[in-house]
Amino acid sequence: MPLEKLGTFPGVPPLVAQLLHNRCIETQAQLEAYLGPGRGQLLDPFMLPDMEKAVARLRRALANKEHIGIFGDFDADGVTATALLVMSLEVLGASVLPYIPHRVEEGHGLNVGALQKLKELGASVVITADCGVSSVQEVAQAQGWGLDVIITDHHSPPATLPQAHALINPKISYSAKLSQDLSPPSSPSPLKKERGIEKKLGDTPSPPSLRLRSELVKFCDIPV
């Protein structure tokens, strides 16, 4: 961060100022909008690709009392995104099976063993949180077992995408504005999914605990 910009946010420690700069936040107005956005500032979640398909599948799972697996990455934004999805779905009465892989034994990303375990536990739908956009073979295996995989991810997509039931990622959106607006927060897709479900099922406001977790998602996957 240029030294002359350190005074842009009086009272903000230099490290925090650097993190804000990394997220292209340069003015007090941008800071206030980023740290305390009102509901009116949130973009329509259905601008994201495949959101309609994902929400329709989850509504069917809720109606049929299916078990829904949540596979989240083990880092900060993956864990908080998983918590956001689990709590949101449980508020709606869903039976949810969260799964966080072991950092050393399983590593990053979807793996066949975890998907098989979720299948054995009774899941018929699996939502990813902060991973999955590159998991072509794993998603194909899961789909072959009859699991409907819904990917929510924010990482850059590869040339070949997995053939998931739905793939929600702002970086493959057809809307340039949407992708630009969602690029500073690290993992917006699970929050947008939660808002999409909320809009379709009555627009009940998110509890404060869910909003807190969505703020943690913004800050804990730190670009440098």
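The values are calculated or read from the model by the stated rules, or taken from the named source; none is laboratory data. Just so we're clear, the structure is a prediction, and the values are computed from it rather than from any experiment. Don't worry about glycine lacking a Cβ; one is built from the backbone with ideal geometry, like all the others, and counts go over all protein chains shown.
What the table below lists for this structure:
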quantity	calculated
Counted residues, segment 139-162 - those being farther than 20 Å from R60 by Cα and in a loop (DSSP other than H, G, I, E, B)	10
Some residue of segment 88-95 being under 17 Å from A166 (Cβ atoms), modelled with pLDDT under 90 and of a type outside the set (S, T, N, Q)	no
Output for segment 32-82, where each listed residue is polar (S, T, N, Q), modelled with pLDDT of 85 or more and surrounded by fewer than 16 Cβ atoms within 10 Å (Cβ to Cβ)	N64
Within segment 83-97, tally of residues that are in contact (Cβ under 8 Å) with a residue 60 or more places away in the chain and either crowded, with 23+ Cβ neighbours inside 10 Å or not in a loop (DSSP other than H, G, I, E, B) (or both)	7
Which numbered condition R57 fails, given (1) out of contact with any Lys or Arg (no Cβ under 9 Å at 6 or more places or on another chain); (2) free of Cβ contacts under 8 Å to residues at least 12 places away in the same chain	(2)
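Table: residues versus (1) within 16 Å of the chain's Cα centre (by Cα); (2) within 16 Å of C131 (Cβ to Cβ).
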{"position": "L48", "(1), (2)": "yes, no"}
{"position": "M51", "(1), (2)": "yes, no"}
{"position": "A56", "(1), (2)": "no, no"}
{"position": "N64", "(1), (2)": "no, no"}
{"position": "F71", "(1), (2)": "yes, yes"}
{"position": "A83", "(1), (2)": "yes, yes"}
{"position": "V91", "(1), (2)": "no, no"}
{"position": "A94", "(1), (2)": "no, no"}
